[in-house]
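Engineer: I have a structure here, written as structure tokens, and I will follow up with some questions on it.
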Amino acid sequence: MWTFLRYMFCTLSIFVCVAVIFNSYHVEIRQKMRSQELPIVTDTITSLDNRTFIISLYYEPRLGQSVGVIAILHVSVKELYCIFHCSTNQNAFVGAEIDFHRDNFGFPYGMASLLCAEPSGCDYTYMSFSSIISTKTSQNLLFEVRNRPPPPISSNFTVCISTLYGNYNNVLQMIQSIEMYKILGASRVTIYNTSCSRDVDKVLRHYIDEGTLEVVPWPIDRHLQTSKMWKYTPGLTAEIGYFGQVTTLNDCLYRNMYKSKFVLLNDYDEIILPIIDQDWSSLMESLQKQFPDTSVFRFEAHVFPTSDNSSKFDLWSHVPGVNILRHGFPYLLKDTMHNPRKMIVNPRKVFQTSVHYVPKHVGKSTNVPNNMAMTFHCKGSRRKDVTREDQIWDDILRKYNMSLVPKVDAVIQKLFPLQ
């Protein structure tokens with residue numbers, strides 16, 4: 001009797017194991033079949049129609065079990081449905097919460113955050129979107145949900161730069177800026193590229209191969225009429241401002257949310273520089289001790305437009321672009337002068353960002369004192385309302401000469417050697 005029971009128990013155990021394995025295999029096969037039935041999106045910008053453009057999908061556990069979607073929408077879009085493709089071969093329709101970014105600056109198209117609540121009992125990898133509830137989903141595209149589950153943090157600092165456009169050709173400053181980011185503590189730089197020159201593309205490929213750089217294609221001008229202006233004015237034919245800068249910054253924030261301890265949001269001609277500390281790690285340690293409840297640190301931008309014409313730093317004259325080591329005359333602040341700020345943020349505390357401030361976040365936003373750090377903004381021309389008397393010599397960047405010059409020179413000798 002006991003022998004028979006042991007035999008039946010072993011047989012049942014084997015049957016259960018086989019059933020579990022078969023079910024897992026069957027689910028995997030169904031998911032593969034589904035992914036073969038519908039095309040999986042690989043482009044950065046995907047048009048659903050002429051009013052709706054999906055950028056990326058990210059798992060959003062901070063707002064319940066949900067998926068956050070970065071999108072560009074026309075202001076007339078009021079309704080959109082998220083379609084969860086469950087492993088049970090069923091589709092679950094969920095109405096998206098649409099939140100237009102407040103800084104779309106009057107353009108008819110702008111960045112919007114969509115929030116899609118997970119349906120209960122649905123195991124999914126891909127999602128689609130529709131403007132109506134319909135059982136006909138054969139024309140829908142599959143979007144993969146990223147950060148599910150959230151990966152472990154692998155970097156202390158990631159720099160987000162948006163966007164390169166107009167056949168961007170500032171080769172020297174690009175090299176100098178990336179090398180400065182690395183000196184200050186960045187292990188990763190993310191750049192959104194609409195168009196750049198062959199020489200800049202060579203630089204980008206060098207840093208991609210090195211493992212420092214992630215370049216995200218940003219063909220916004222193939223979908224919408226873009227503007228170099230940040231604010232809409234009557235008469236403009238442009239549909240979206242400044243090549244969709246706000247959208248790229250938000251995508252970069254979510255892209256690196258669970259990869260990087262801190263994310264820096266700035267342009268390619270800006271460097272957040274510590275005044276007392278030598279790098280970002282020591283700076284942030286000091287700031288977090290002084291402002292323990294802060295998740296958004298804002299650094300005032302000081303424009304350095306005037307060049308030092310001495311030959312001391314005339315090292316790479318054959319390389320096109322601005323030499324940031326020649327720029328040492330920042331503007332003095334006046335009561336009538338507005339200096340914007342750029343930011344270092346804890347991305348896991350931020351839900352939505354703009355260019356100069358964070359509209360939705362947890363924790364405090366703090367303006368960092370100028371005696372602790374500032375944003376070095378290197379431009380090639382002086383504002384019309386600024387005179388030489390409004391400037392003072394400041395060689396803050398040159399304290400990094402001993403590290404920066406040989407690193408920049410090594411890259412230039414490799415990519416652009418003198419013939």
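Engineer: So, by mean Cβ neighbours within 10 angstrom, what's the order for 266-273, 397-404, 170-177 with the highest one leading? Write down the numbers at each step before the final one.
Structural biologist: On the way: 266-273: 21.5, 397-404: 15.4, 170-177: 23.6.
With the highest mean Cβ count within 10 Å placed first, the list reads 170-177, 266-273, 397-404.
Engineer: Short version: ³J(HN,Hα) in whole Hz for each residue of region 158-175, in order, from phi by Karplus 6.51 cos²θ - 1.76 cosθ + 1.60 (θ = phi - 60°), x for Gly and Pro, what are they?
Structural biologist: Running phi through 6.51 cos²θ - 1.76 cosθ + 1.60 with θ = phi - 60° gives 10, 9, 9, 10, 9, 10, 7, 8, x, 6, 3, 9, 7, 5, 4, 5, 4, 5 Hz.
Engineer: For each pair in Lys182/Lys349; Lys379/Lys399; Lys78/Lys342; Lys182/Lys259; Lys182/Lys407, compute the distance between the two Cα atoms and list the pairs where it is over 22 Å. It would help to have the intermediate numbers written out before the result.
Structural biologist: Details: Lys182/Lys349 24 Å; Lys379/Lys399 20 Å; Lys78/Lys342 32 Å; Lys182/Lys259 17 Å; Lys182/Lys407 10 Å.
The answer is Lys182/Lys349; Lys78/Lys342.
Engineer: Now a separate question. Given the C-alpha centroids of region 244-292 and region 89-141, what is the distance between them in whole angstrom?
Structural biologist: Value for the Cα centre distance between the two parts: 30 Å.
Engineer: Considering amide H positions built from the backbone, and no H for Pro or chain starts, which residues 5 or more places from Ser154, or on another chain, come under 5 Å of its amide H?
Structural biologist: Ser260
Engineer: Okay, next question. Considering only the other residues whose Cβ falls under 13 Å of the Cβ of Cys160, what net charge follows from Lys and Arg at +1 and Asp and Glu at -1?
Structural biologist: Numbers: positive: Arg188, Arg255, Lys259, Lys342; negative: Glu214, Asp251, Asp267, Glu270.
Once all neighbours under 13 Å are counted, the net charge is 0.
Engineer: Also, I was wondering about something else. Quick one: accessible area per residue over region 60-199, 1.4 Å probe, rounded to a whole number of Å²? Intermediate results must be reported in sequence, preceding the final value.
Structural biologist: On the way: 5650 Å² over 140 residues.
Result: 40 Å² of accessible area for each residue.
Engineer: For Ser227, what is the net charge nearby, where nearby means another residue's Cβ is under 11 Å from its Cβ and Lys, Arg count +1, Asp, Glu -1? Spell out each step's value before the answer.
Structural biologist: Numbers: positive: Lys228, Lys231; negative: Asp221, Glu239.
Result for the local shell: 0.
Engineer: Also: Please list, ordered by chain and number, the residues whose modelled amide H lies under 5 Å from the amide H of Ser56; skip anything fewer than 5 residues away on the same chain.
Structural biologist: Under 5 Å from the amide H of Ser56 lie the amide H atoms of Ile70, each far enough along the sequence or on another chain.
Engineer: Report, by chain and number, residues whose modeled amide H sits under 5 Å from the one on Phe351, excluding near sequence neighbours (fewer than 5 apart, same chain).
Structural biologist: Under 5 Å from the amide H of Phe351 lie the amide H atoms of Lys360, His361, Val362, each far enough along the sequence or on another chain.
Engineer: Stretch Thr233-Gln290 to full length: gain in nm at 0.36 nm per residue minus the Cα-Cα span?
Structural biologist: On the way: separation 57, 0.36 × 57 = 20.52 nm, distance 4.22 nm.
Here the answer is 16.3 nm.
Engineer: Can you work out ³J(HN,Hα) from phi for every residue in region 275-287, in order, using Karplus 6.51 cos²θ - 1.76 cosθ + 1.60 and θ = phi - 60°, giving whole Hz and x for Gly and Pro?
Structural biologist: Per-residue couplings from phi come out as 8, 9, 6, 8, 8, 5, 4, 5, 4, 5, 4, 5, 5 Hz.
Engineer: Something else now. Between Asp99 and Arg51, what is 0.36 nm times their sequence separation minus the Cα-Cα distance? Round to one decimal in nm. Don't skip to the answer; put the middle values down first.
Structural biologist: On the way: separation 48, 0.36 × 48 = 17.28 nm, distance 1.52 nm.
Working it through step by step, the gained length comes to 15.8 nm.
The values are calculated or read from the model by the stated rules, or taken from the named source; none is laboratory data. Since this is a predicted model, take the numbers as computed values, not measurements. Counting neighbours? That spans all protein chains shown, and the Cβs are built from the backbone with ideal geometry, glycine included. Note: accessible area is taken over every heavy atom of the protein model, side chains too, but ligands, DNA and RNA are not part of it. Shrake-Rupley method; radii C 1.70, N 1.55, O 1.52, S 1.80 Å.
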